[in-house]
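Read-outs throughout are calculated quantities, based only on the coordinates presented, and are distinct from any laboratory measurement. Source: prediction; values computed, not measured. All Cβ positions, glycine included, derive from the backbone under ideal geometry; neighbour counts span all protein chains shown.
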Number of protein chains: 2
Amino acid sequence: MDHPDIAEVARRSGVPASTLRFYEEKGLIASTGRRAGRRVFDPGVLQRLALIAMGRAAGFSLDEIALMFAPDGRPRIDRETLRAKADELDETIRHLTAMRDGLRHAADCPAPSHMECPTFRRLLRAAESGAMSAPEGGLSGRSAPAAAGGRRAPAPRPADG
Amino acid sequence: MDHPDIAEVARRSGVPASTLRFYEEKGLIASTGRRAGRRVFDPGVLQRLALIAMGRAAGFSLDEIALMFAPDGRPRIDRETLRAKADELDETIRHLTAMRDGLRHAADCPAPSHMECPTFRRLLRAAESGAMSAPEGGLSGRSAPAAAGGRRAPAPRPADG
DNA sequence: CCTTGACCTCAAGTCGACTTGAACTGGCAC
DNA sequence: GTGCCAGTTCAAGTCGACTTGAGGTCAAGG
């Protein structure tokens with residue numbers, strides 16, 4: 001199969017055919033032509049899909065990923081971009097780690113109510129101050145999209161006052 | 001101001017008035033009544049909003065958060081739920097950490113093209129195998145919703161073959 | 001008295017990444 | 001030769017968390 005059809009690509013990559021069509025429409029991948037009206041792909045599309053999957057996993061949007069391919073189709077990934085994304089991930093990891101530790105403590109805390117646990121309250125302040133937003137991506141739970149606007153909250157000392 | 005109006009709550013909490021109305025409609029918060037047709041809140045709504053912010057930061061959906069309040073309005077958070085979410089965050093953190101390390105290595109890798117860097121290629125395999133999805137929440141970049149379906153990709157050894 | 005401005009309601013729009021549905025085509029088996 | 005299946009196109013729907021817009025109300029101020 002040196003010229004897989006959409007079903008073959010879907011099978012090998014694990015990416016649904018509908019998504020492959022969508023990606024093609026977006027310019028993220030390309031079919032080499034049609035055979036009896038059906039898309040024919042180059043085997044290289046598999047590597048490209050892997051690259052796209054990696055980009056998504058790293059937190060890049062499809063539009064950002066599209067910019068990482070030269071017009072000729074070869075990946076051309078700016079090292080600075082990678083560093084910047086790594087830094088972003090660092091931030092995210094920091095927040096999530098703090099949140100995880102707080103959750104775990106609260107889960108084991110002997111205080112009768114969470115509101116009486118100092119750690120929980122500290123966590124509460126961190127969250128309300130807008131230092132975080134909403135993590136997740138679909139790794140375990142089914143999701144929780146995100147902030148679309150970029151609000152972030154000024155929060156001049158809400159509760160407890 | 002022991003009975004703040006919506007503007008006051010918005011100011012103190014950093015949550016836009018539109019969001020407060022939305023949260024009220026969703027049953028996440030409640031106003032104590034109306035004064036000249038306008039919402040009047042109890043000061044306790046601020047703590048409640050903090051709780052909601054924390055829940056969001058921990059990756060809970062608004063619907064999940066809604067379940068964490070007893071009908072009488074008091075928070076009643078199951079410790080098991082917290083533990084489960086902490087475990088989820090652990091997973092997420094693990095993935096993001098691997099991705100971050102890979103990105104950073106790739107950024108500093110002396111290989112002329114990323115495709116020639118073994119670490120980058122390893123990263124690629126990890127991503128394509130569907131071990132990840134799409135992280136982020138709005139912490140630095142402006143977003144990247146997530147996988148809603150729960151696809152995850154079988155991926156029987158895509159590229160490189 | 002009339003404007004202003006903050007608030008109200010309700011419906012619809014937004015964002016990103018896809019999925020789904022309807023209507024159609026083309027090749028193969030029977 | 002016809003029935004099916006797998007593919008095609010294009011438009012529209014989905015999901016979550018909000019935002020935005022239109023049109024209306026109301027108390028205060030000039």
Note, ³J(HN,Hα) from phi for the stretch A:115-128, Karplus 6.51, -1.76, 1.60, rounded to Hz, x at Gly and Pro: 5, 9, 8, x, 5, 4, 5, 5, 4, 4, 5, 4, 5, 5
Shortest-first distances to equivalent copies, position B:GLU116, nm, label 7 Å out along Cβ: 6.6
Karplus-derived 3J(HN,Hα), 6.51/-1.76/1.60, for each residue of the stretch A:60-68, Hz, glycine and proline x: 7, 7, 4, 5, 5, 5, 4, 6, 8
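Percentage of Cα-Cα pair distances in the stretch A:79-128 greater than 14 Å, rounded to whole percent?
Summing the P(r) tail past 14 Å for the stretch A:79-128 gives 58 percent.
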Other-chain or far-sequence residues with amide H under 5 Å of B:ARG76's (modelled H): B:PHE69, B:ALA70
C-alpha center-to-center spacing [the stretch B:79-93, the stretch B:5-48] in angstrom: 30 Å
Sites A:GLU24 and B:ASP2, calculated FRET efficiency, Cβ-Cβ separation with R0 41 Å, nearest 0.05: 0.10
Relative contact order (percent, whole number), the stretch B:6-66, Cα cutoff 8 Å, 6+ residue spacing: 28 percent
Straight-distance crosslink candidates among lysines, where the alpha carbon sits under 24 Å from A:LYS26 and sequence neighbours closer than 8 are dropped: A:LYS85
Cβ-vector label at 7 Å, A:GLY37, separations to other copies in nm: 6.0
Calculated FRET efficiency for the pair B:ARG38/B:ASP90, C-beta based, R₀ 56 Å, to 0.05: 0.80
Phi-based couplings in Hz for the stretch A:35-45 (Karplus 6.51, -1.76, 1.60; Gly and Pro marked x): 10, 6, x, 9, 4, 10, 10, 8, x, x, 4
Calculated label separations, A:ASP78, copies of the chain, 7 Å along the beta-carbon direction, nm: 4.7
